[in-house]
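The structure under discussion appears below in the form of structure tokens.
What follows is calculated from the coordinates using simple rules that are stated; it is not laboratory data. None of the values given here were measured: they were computed from a predicted structure. Glycine gets a Cβ as well: all are built from the backbone with ideal geometry, and neighbour counts include every protein chain shown.
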Amino acid sequence: MSTSANSNKERVFIFDTTLRDGEQSPGATMTLEEKLQVADALDEMGVDIIEAGFPIASVGDFEAVVAVAKQVKNATVAGLARAISADIDRAGEAVRHAKKGRIHTFVSTSPIHLAHQMKKTEDEVIEIIARTVTQARNLIDDVEWSGMDATRTPIDFLKRCVETAIKAGATTINLPDTVGYAVPEEHFRMFKSIIEGVPDADKAIFSVHCHDDLGLAVANSLAGVAAGARQIECTINGLGERAGNAALEEVVMALRTRGDAMPFYTEVESTHLARASKIVSAASNFPVQYNKAIVGKNAFAHESGIHQDGMLKNAETYEIMTPASVGIKETTLVMGKHSGRAAFKDKLKELGYELGDNAFQEAFVRFKDLADRKKHVYDADIVALVDDEVGSVGDRIRLVDMEVVSKTGGVHKCNLVVTIDGAEKAVSYEGTGSVDAIFNAIKAASEQDPHLVLYAVDGVTGGTDAQASAHVRLEMNGRIASGNAAEPDTLVASARAYLNALNRVMIERGAAAQGALAG
């Protein structure tokens, strides 16, 4: 976003804790190399603070924070520390390697935590805050203090804690919704009360750190910003303990897209969001749900015929941001049973087909029939569909029926029925495998013997209705042609791809047949 566009807005700092809180998701542990790759992506994206880990947790965690601190070029690198002297010293040692380092120390403040986890009184907690924040500040100028479970802490005691931390030298005050308990209205009131009621509150930046147990992490984060917080703690893809944290990509794009309602900006380059999402998903081995806001597979995908029609006329009818703004190449009009004629015609045009009215109507009917039987319809499905009925008008060989018999260590046989120039012909042929038997049967039926240059099969997707995409390249009489077909059945796809290539190698589209076929 340009400087002029931000001239009347206040900056919100983005504190990413993917490498610390995100990695605490069960099963999301990352290797050192993966952490460095994530850190690079965050730094290039313009994240302000990267919380690289919990140095006291293990030797590996300490070494990872040191490595990130040495590598990061622009962002501040933070290390987490409990309100314990050894933790703070260890965090200070880890982040001293950074161009800009921060110690982030925390202590519990809520009654339930004090009674059952800390076993401390309120006065003892106040003394701990004063002592440990002072220790951290003596090691480094940038100190963040967090009151764990702040949203379930009595407001008067929370004010005492915040005042103590600021007096001891904390430059950032984080009031986390540790268990995802708050709702936006009370989160707003808490920050407003603290910021307006604590002496010297203006000497610190206030921060939100929201968990998503009730699905309110992003909403609570934005409510905190509206109340005066100027730092948001978040993670890529919303990774984190239990239900996760506020998602970085969501808060960034909410502030960017709704600048009219929220006059704030960040320095994050939003076009890097999709790439960062993929990197973190791969490193953590946590897939991104399809309907995840901003970076999910379906975030810029449309299947409803009404929506697709609107998108074709004006993208703003159903998209409030552009795919390019988050680093996604383009909108996807998903072809399925809800798609209408306008979207189907646009997809055909994209695939290089211009059909007359009758041919289009026939193709559309076949498409709807396929979509009713199959959950996902891919481009390859549509190409095969149109080629079979329209694009293959000049095809002289067509598949009618096929039966393949295979037995481990035994015979592989293909019983094939095709039409040649409209006349039906049946053959049976054996082979060293199922595909070999199919190809031999086709050659026997056509009385042609092309050279097989390439045969490959790709799985288009996972699942029981996955499409097999078969690719065949043939050479005959100096001509080379490729054929493709997509079918739920791999063997049928292979047969159709071979026939597609054979027709192409023998017949020039729109011209007379080249070569003779047996009748």
Remind me, what semi-axes does the stretch 12-284 give for its equivalent ellipsoid, largest first in whole Å, using sqrt of 5 times each Cα gyration tensor eigenvalue?
26, 22, 17
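Quick check: residue separation of GLU354 and HIS338 times 0.36 nm, minus the Cα distance between them. What number comes out in nm? Numbers along the way, then the final one.
Numbers: separation 16, 0.36 × 16 = 5.76 nm, distance 2.22 nm.
Taking GLU354 through HIS338 to full extension adds about 3.5 nm, to one decimal.
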As an exercise, take the mean of 1/r over every pair of distinct alpha carbons in the stretch 392-506, invert it, and state the Kirkwood radius in angstroms.
14.2
Binned at 10 Å from zero, the C-alpha pair distances of the chain give percents of 4, 16, 21, 16, 12, 12, 10, 6, 3, 0
Under the 0.36 nm per residue contour assumption, what length would be gained going from the current alpha-carbon distance of VAL365 and LYS297 to full extension?
21.7 nm
A student applying the Cα gyration tensor rule (rounded when a/c is under 1.5; otherwise prolate if a/b is larger than b/c, oblate if not) would label the stretch 143-301 prolate
Given H placed on each backbone N at 1.01 Å, which residues far from ASN174 in sequence or on other chains put an amide H within less than 5 Å of it?
TRP145, SER146, GLY147, SER207
Potential lengthening between ALA86 and LYS278 on full extension [0.36 nm per residue; Cα-Cα distance subtracted]
65.5 nm
Any residue on another chain or 5+ positions along whose placed amide H is under 5 Å from the amide H of TYR265 is listed here as GLU10, ARG11, VAL12
THR18, THR31 arranged by Cβ crowding within 10 Å, fewest neighbours leading
THR31, THR18
Between helix 273-284 and the chain, what is the angle of the helix's C-alpha long axis to the longest principal axis, kept within 0 to 90° and rounded to the nearest 10?
90
Karplus couplings for the stretch 62-79 from phi (6.51 cos²θ - 1.76 cosθ + 1.60, θ = phi - 60°), rounded to Hz, Gly and Pro as x?
4, 5, 5, 5, 4, 5, 5, 4, 6, 8, 5, 9, 10, 6, 6, 10, 10, x
Under-5 Å amide H pairs with GLY53, H placed in peptide plane, nonlocal only:
LEU80
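Between ALA243 and LEU139, what FRET efficiency comes out of the Förster formula 1/(1 + (r/R0)^6) with R0 = 30 Å and r the beta carbon distance, rounded to 0.05?
Numbers: r = 34 Å, r/R0 = 1.14.
So, using R0 = 30 Å, E works out to roughly 0.30.
Highest first, please rank the peptides 43-55, 468-480 by the mean number of other Cβ atoms sitting within 10 Å of their residues. Intermediate values should be presented prior to the final figure.
Values: 43-55: 24.2, 468-480: 18.6.
So the order, starting with the most tightly packed, is 43-55, 468-480.
Using DSSP to call loops (not H, G, I, E or B), can you name the trypsin sites (Lys or Arg not before Pro) in the stretch 91-196 whose Cβ has at most 12 other Cβ atoms within 10 angstrom? Present the calculation step by step, with values, prior to reporting the outcome.
Working: sites: ARG96, LYS99, LYS100, ARG102, LYS119, LYS120, ARG131, ARG137, ARG152, LYS159, ARG160, LYS167, ARG189, LYS192; in loops: ARG96, LYS99, LYS100, LYS119, LYS120.
The qualifying sites are LYS99, LYS119.
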Sequence gap of 8 or more, or different chains, plus Cα separation below 22 Å: how many lysine pairs satisfy both in the stretch 12-284?
20
Name the lysines eligible as straight-distance cross-link partners of LYS349: C-alpha to C-alpha under 28 Å, and not fewer than 8 places from it in the same chain.
LYS297, LYS313, LYS329, LYS337, LYS368, LYS374, LYS375
To the nearest 0.05, how large is the calculated FRET efficiency for ILE480 and ALA456 if R₀ is 22 Å and r is the Cβ-Cβ distance?
0.90
From the phi of every residue in the stretch 111-122, what ³J(HN,Hα) in whole Hz does the Karplus formula 6.51 cos²θ - 1.76 cosθ + 1.60 yield, where θ is phi - 60° and glycine or proline is x?
x, 5, 6, 5, 6, 9, 10, 7, 6, 10, 8, 4
Going residue by residue through the stretch 199-208, the Karplus relation 6.51 cos²θ - 1.76 cosθ + 1.60 with θ = phi - 60° gives ³J(HN,Hα) values, rounded to whole Hz and with x marking Gly or Pro, of x, 6, 4, 6, 7, 10, 8, 8, 10, 10
